[in-house]
Amino acid sequence: MKIKNFFRTFLLLYIAAMLFLSSCGGNTPSVTTASSATTQTTSTTSTTAQITPPKPKKQVAITFDDGPHNLWTVAIADELAKYGFHATFFVVGNRIGGGERVYNGSSTAVYLYQKGHEIGIHGYTHLENYKTCPDADYEYEMSETVKAIKTYCSGYEAKLMRPIGGSISQERIEASPYSIITWNVDSLDYKYKANETESEKTENVNTIVENVMSKVKEGDIILMHDIYENTYEAVKIILERLDAEGYEVVTVTELLGEPQPGTKYSHK
Ligand SMILES: [Zn+2]
């Protein structure tokens with residue numbers, strides 16, 4: 001019995017000694033290493049975060065022609081607001097006034113102005129070609145649109161002009177008190193505005209999206225029209241993808257810096 005007790009006591013002491021060694025001796029250095037490694041990783045991460053400036057966003061400008069439209073212009077402006085983006089709207093004078101067309105755009109123009117978007121001149125009737133029309137008609141298109149913008153947008157002074165169809169003579173570009181803004185990425189949304197069925201609508205919207213996303217790069221000026229439902233549906237997807245790809249949508253003036261009057265720009 002005594003011998004049995006002796007072995008039991010010896011065995012217990014042996015196990016206790018092993019446990020003590022393994023917790024204090026054997027593992028101590030590795031615990032220290034793990035702990036210091038964690039500390040190092042943490043300090044490296046925080047040092048990196050401090051010295052690396054945030055990656056600048058790639059800027060693009062989306063321009064919308066032919067509005068304002070009481071439904072789609074507002075919906076597009078609200079979509080832009082979700083990302084803190086601003087766009088440029090080249091408006092049609094008689095649509096702001098809501099006169100000859102049923103666009104009822106006066107309150108919409110005010111809305112754009114209040115939301116900080118850039119407003120440019122497109123034309124008053126949207127009927128003239130600025131390369132070929134008589135001087136008197138060209139002057140009327142400019143002055144009446146300027147007047148409509150000023151009237152509804154608290155004296156806002158437009159500095160940019162988008163010719164109808166992008167067409168304007170070199171002589172008129174050089175004589176213009178405005179910067180002439182064309183584009184280098186065309187969404188072709190006007191070609192895909194009508195849908196026969198829901199699936200055709202999806203197809204059309206996707207085509208508009210791809211027309212933009214397959215070409216877009218930093219510094220581009222994109223052409224769209226804020227008067228179609230399909231454009232609005234495409235804008236929702238385009239903004240989400242641009243944001244995810246590190247783009248920021250800014251006004252044309254923000255993109256170009258201070259664009260010069262009498263000069264034509266199609267991109268940065
Ligand atoms: Zn137009």
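The values are calculated or read from the model by the stated rules, or taken from the named source; none is laboratory data. Everything numeric in this text was worked out from a predicted model, so none of it was measured. All Cβ positions, glycine included, derive from the backbone under ideal geometry; neighbour counts span all protein chains shown. Surface areas here come from the heavy atoms of the whole protein model, side chains and all, with no ligands, DNA or RNA. Shrake-Rupley method; radii C 1.70, N 1.55, O 1.52, S 1.80 Å.
Looking at segment 133-227, the accessible area is 48 square angstrom per residue; that uses a 1.4 Å probe and ignores ligands, DNA and RNA.
Take the Cα radius of gyration of segment 58-265 and divide it by 2.2 N^0.38 Å, N being the number of residues; the result is 0.97. Shape annotation for segment 55-181: C-alpha extents along the principal axes are 44, 38, 24 Å, from largest to smallest. Distance between the 7 Å Cα→Cβ label points at Lys115 and Leu188: 2.8 nm.
Surface composition of segment 58-265: carbon plus sulfur atoms contribute 47% of the solvent-accessible area (1.4 Å probe, protein chains only, all chains present).
Spin-label model, Glu200/Glu139: points 7 Å from Cα along the beta carbon direction are separated by 4.7 nm.
The mean sequence distance of close C-alpha pairs (under 8 Å, at least 6 residues apart), as a share of the length of segment 93-221, puts its relative contact order at 20 percent. In summary, the lysines within cross-link reach of Lys131, defined as a Cα separation below 17 angstrom excluding same-chain residues under 8 places away, comprise Lys264. Of the Cα atoms belonging to segment 168-263, the radius of gyration and Dmax stand at 15.6, 48 Å. In this rough spin-label picture, where each label sits 7 Å from Cα along the Cβ direction, the Asp78-Glu174 distance is 4.8 nm.
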